[in-house]
Amino acid sequence: MALPWMESLRVWGQEAGTTAVTGQAPTRFAVLFSGNGFHKDHWWARGAGQQMELGQVLQPLQAHREKLLYIRGLYNEEALKGNIHSSQTGNLLSGAPLEAGGGIRSGTSIDQLLAQTCGQTTKVPSLVLGCEKANPSVHKNYSMLYSSHISWSSPTTPTPLEVFPALAFDRLFRDDATKADKSVLDAVLEDAGDLRRSISRRDQQKLDEYLNSVREVEQRIARAGSRGELQGWKPTLEKPDKARPADGIPQDIAEHMRLMCE
């Protein structure tokens, strides 16, 4: 939580401002990866707009064809280096060279760069799902973690996968109180107390006024939320339109994939 300017504290810089809330839905970015590729005879598109023709696999997108951009001929030179499994997956969303010899280094993937920029407008900044747990072994001099992750939070950190449908559901829809859900002030009161002992009396008064104003804002937001008065974009559903999946991992792979996509 940022503090107001105080004469007792040295100013090191100024953080960039946040984007104002609007009535538009948050920007979304989704990547669907199929490890074994797609049948090219059924995965195709011709033309554009209302005249676009879609192959059998893409038929469910027929109603949205005016918004579709079908891109061909993408090329990732780094994917041709190393072995066929790890080297064609670990840099899929970054194009970065992969470290061999069992080390771990790729590149921050585009989905995580977008999450860092746009993810603060949604309850979950980034949701990475999968149907198989990560494989930590080494194959042909390359870590199999590359083949387990297309999403990378940093060049050395693959983004953790959620493979349990029920836990993915809970992350999106459960509203149980956690540390992140509690008052901002409650989370920083101890630090505020330490700071108060090291600043001038004038700054102590300013700090108290500031913390009280934050508490008032929190209370107003809570009251407005309970009355349904918050402005800006709201989801079209007040509660999930699908039941929570059963605990555990489905034994049927097709059912597992369907649940994770839904």
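In segment 99-118, of all residues being outside any helix (DSSP H, G or I) and over 19 Å from G130 (Cβ atoms), the one that is farthest from the chain's Cα centre (by Cα) corresponds to G101. Each residue in segment 196-248 was checked for being touching a Ser or Thr at 6+ places or on another chain (Cβ under 8 Å), modelled with pLDDT of 80 or more and not small (G, A, S), and 2 of them qualify.
Taking segment 102-150 as the range and being touching a residue at least 60 places away in the same chain (Cβ under 8 Å) and within 15 Å of G35 (Cβ to Cβ) as the test, the residues that pass are L129, G130, C131, Y146, S147, H149, I150. Please determine, by comparing only the residues of segment 189-204 that are surrounded by 15 or more Cβ atoms within 10 Å (Cβ to Cβ) and assigned to a helix (DSSP H, G or I), which one is nearest to the chain's Cα centre (by Cα). Top of the filtered list is A192. Among the residues of segment 168-182 satisfying the criterion of being among the hydrophobic types (A, V, I, L, M, F, W, C) and surrounded by fewer than 16 Cβ atoms within 10 Å (Cβ to Cβ), which is modelled with the lowest pLDDT? Ranking the qualifying residues of segment 168-182, first place goes to A177. Note on segment 75-92: among residues that are buried (at least 17 other Cβ atoms within 10 Å of the Cβ) and in contact with a Gly (Cβ under 7 Å, 6 or more places away or on another chain), the one that is modelled with the lowest pLDDT is E78.
Is it fair to say G95 is under 30 Å from E238 (Cβ atoms) and either surrounded by 11 or more Cβ atoms within 10 Å (Cβ to Cβ) or of a type in the set (V, I, T) (or both)? Taking the combined requirement at face value, the residue does not satisfy it. Before we move on, is S86 within 15 Å of S143 (Cβ to Cβ) and polar (S, T, N, Q)? The answer is yes for S86.
When segment 47-64 is limited to residues that are surrounded by 14 or more Cβ atoms within 10 Å (Cβ to Cβ) and touching a helix residue (DSSP H, G or I) at 6+ places or on another chain (Cβ under 7 Å), the one that is nearest to V138 (Cα to Cα) turns out to be L54.
Looking at segment 1-46 only, could you name the residues that are among the small types (G, A, S), at pLDDT 85 or above and exposed (fewer than 12 other Cβ atoms within 10 Å of the Cβ)? Within segment 1-46, just A30 meets the criteria.
The values are calculated or read from the model by the stated rules, or taken from the named source; none is laboratory data. Since we're looking at a predicted model, the values are computed, not measured. When we count neighbours, we look across all protein chains shown, and the Cβ atoms used for this are built from the backbone with ideal geometry, even at glycine.
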